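For reference, the structure is listed below as structure tokens.
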């Protein structure tokens, strides 16, 4: 028999979808960056393949933990909060912030279609992570995790 405590509320459903969007955006960005790097004659294919493998493992872990969060595991919500909310967001924002802070007036000189696509995917990734974190802590989500008495 299924009780209401066994069914994830809309905000938890939304968080899972947003995490999937964030992971997809991260995968697209990784593939775009790899494709751009492969166009250079000095591309290190082994290092690029290793980078993709590491990202794939991280994204698989995030998706697995997100599924457990959706099933009501509090520790999974906490893990996603710490992982995505600190390390994840820092890794997404440090590079663009450093570029802005270290740039001269010509920040947008030499802009290419590749850089615009990468920026758009990065922005989608950041917004999806932030929205997922917010969704995981809405009132119905808190009730689901706390009142459901899940480990």
**Q.** Scan of segment 111-129 for residues that are free of Cβ contacts under 8 Å to residues at least 60 places away in the same chain, loosely packed, with under 14 Cβ neighbours inside 10 Å and not in a loop (DSSP other than H, G, I, E, B), ordered by number
**A.** 113, 115, 116, 119, 120, 123
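Quick test for you: out of 30, 60, 76, 25, pick the one residue that is free of Cβ contacts under 8 Å to residues at least 12 places away in the same chain, under 30 Å from residue 137 (Cβ atoms) and buried (at least 17 other Cβ atoms within 10 Å of the Cβ). Steps first, answer last, please.
Details: 30 fails: free of Cβ contacts under 8 Å to residues at least 12 places away in the same chain; 60 fails: buried (at least 17 other Cβ atoms within 10 Å of the Cβ); 25 fails: free of Cβ contacts under 8 Å to residues at least 12 places away in the same chain.
Of 30, 60, 76, 25, the one residue that is free of Cβ contacts under 8 Å to residues at least 12 places away in the same chain, under 30 Å from residue 137 (Cβ atoms) and buried (at least 17 other Cβ atoms within 10 Å of the Cβ) is 76.
Which of the following residues is at pLDDT below 95 and under 14 Å from residue 128 (Cα atoms): 92, 16? Full working, then the answer.
Numbers: 16 fails: at pLDDT below 95.
Just one listed residue meets the conditions, 92.
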**Q.** Residue list for segment 36-55, restricted to those being under 29 Å from residue 80 (Cβ atoms) and in contact (Cβ under 8 Å) with a residue 24 or more places away in the chain
**A.** 55
(Q) Let me confirm something: among 132, 53, 141, which residue is out of contact with any helix residue (DSSP H, G or I) (no Cβ under 9 Å at 6 or more places or on another chain) and assigned to a helix (DSSP H, G or I)? (A) 53
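Which count do you get for residues in segment 79-96 that are within 20 Å of residue 127 (Cβ to Cβ) and either free of Cβ contacts under 8 Å to residues at least 24 places away in the same chain or buried (at least 19 other Cβ atoms within 10 Å of the Cβ) (or both)?
At the first step, the residues of segment 79-96 found to be within 20 Å of residue 127 (Cβ to Cβ) are 80-96.
The next check asks that each one be either free of Cβ contacts under 8 Å to residues at least 24 places away in the same chain or buried (at least 19 other Cβ atoms within 10 Å of the Cβ) (or both); those that pass are 80, 82-84, 86-88, 90-92, 94-95.
Here the count works out to 12.
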Q) What about residue 48, is it more than 19 Å from the chain's Cα centre (by Cα), in a helix (DSSP H, G or I) and surrounded by 15 or more Cβ atoms within 10 Å (Cβ to Cβ)? A) yes
Q. Within the bounds of segment 63-73, is there any residue that is in a helix (DSSP H, G or I), at pLDDT below 95, in contact with a helix residue (DSSP H, G or I) (Cβ under 7 Å, 6 or more places away or on another chain) and surrounded by fewer than 17 Cβ atoms within 10 Å (Cβ to Cβ)?
A. no
(Q) Taking the condition of being modelled with pLDDT of 90 or more and more than 19 Å from residue 78 (Cβ to Cβ), how many residues in segment 1-12 meet it? (A) 1
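The values are calculated or read from the model by the stated rules, or taken from the named source; none is laboratory data. Nothing here was measured: the structure is a model prediction, and the numbers come from that model. Positions of Cβ are backbone-derived with ideal geometry, glycine not excepted, and every protein chain shown enters the neighbour counts.
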